[in-house]
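The values are calculated or read from the model by the stated rules, or taken from the named source; none is laboratory data. Everything numeric here is computed off the predicted structure, so don't read it as measured data. Here the Cβ is made from the backbone with ideal geometry for all residues, glycine too, and neighbour counts use every protein chain on show. Just the protein is used for accessible areas: all its heavy atoms, side chains included, with ligands, DNA and RNA removed. Shrake-Rupley method; radii C 1.70, N 1.55, O 1.52, S 1.80 Å.
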Amino acid sequence: FMLLSAPNIIPREIRLEIRELKEWDQRLALDIMIPNNNPHTLYQVKINCTNPKFRVFAGYLSDRAVSVASVYNSQHGVVKLNSLETAEEIRGRGFARELISEVVEIHKAESDLPLY
């Protein structure tokens, strides 16, 4: 696993509008998970949106959901990047990297807990 212990050096192009979701956004299903044929992730992320132990972040490009990440706040004093999914037809363009970079920056600004 990777433990964040140094400055974030992931390049940030800032193409996405990144939002923390407190409720389910149907565009995650329509734009990412159904086309990717991933019903398990759809179900899990939908539950995570309202679970206080999780934070869900989504990246949007021109109001289309392109990438989603869940972060788990463990009772053991660590935070885990729990899941990450990007729309299959646009993978390899750095959208997940951009989302992860923003999640790392948000975490660093709000917490001293280790992130892995």
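What to note about this one:
- Anisotropy class assigned to the stretch 64-104 is prolate, per the alpha carbon gyration tensor with a/c at or over the 1.5 cut-off and a/b larger than b/c.
- Each Lys and Arg Cβ is given +1 and each Asp and Glu Cβ -1; about its Cα centre, the chain then shows a dipole of about 180 debye.
- Within the stretch 59-93, backbone nitrogen closer than 11 Å to the virtual label 7 Å beyond the Cα of Arg19 toward Cβ: 59-61, 63-65
- Pair Ala109, Leu84: separation of 7 Å Cα→Cβ label points (nm): 1.9
- Summed side-chain charge close to Val66 - residues other than Val66 whose Cβ falls under 14 Å, Lys, Arg +1, Asp, Glu -1: -3
- Taking Cα atoms only, the orientation of helix 39-48 departs from the longest principal axis of the chain by about 50 degrees.
- Value of [θ]222 nm, deg cm²/dmol, for the chain, DSSP H segments ≥ 4, -39500 (n - 2.57) each, nearest 500: -7000 deg cm²/dmol
- A probe of 1.4 angstrom, applied to the heavy atoms of all protein chains, finds Ile34 with accessible area near 100 square angstrom.
- Rounded to 0.05, the FRET efficiency of the Arg93 and Asn36 pair, given R0 = 22 Å and the Cβ-Cβ distance, is 0.90.
- Ordering Tyr60, Leu84, Ile18 by Cα displacement along the dipole of the chain toward the positive end leaves Leu84 in first place; charges were set at the Cβ atoms of Lys, Arg (+1) and Asp, Glu (-1).
- Here the stretch 49-90 is treated with +1 on each Lys and Arg Cβ and -1 on each Asp and Glu Cβ, and its dipole about the Cα centre works out to around 320 debye.
- On Cα atoms only, tilt of 95-110 relative to the major axis of the chain in degrees: 40
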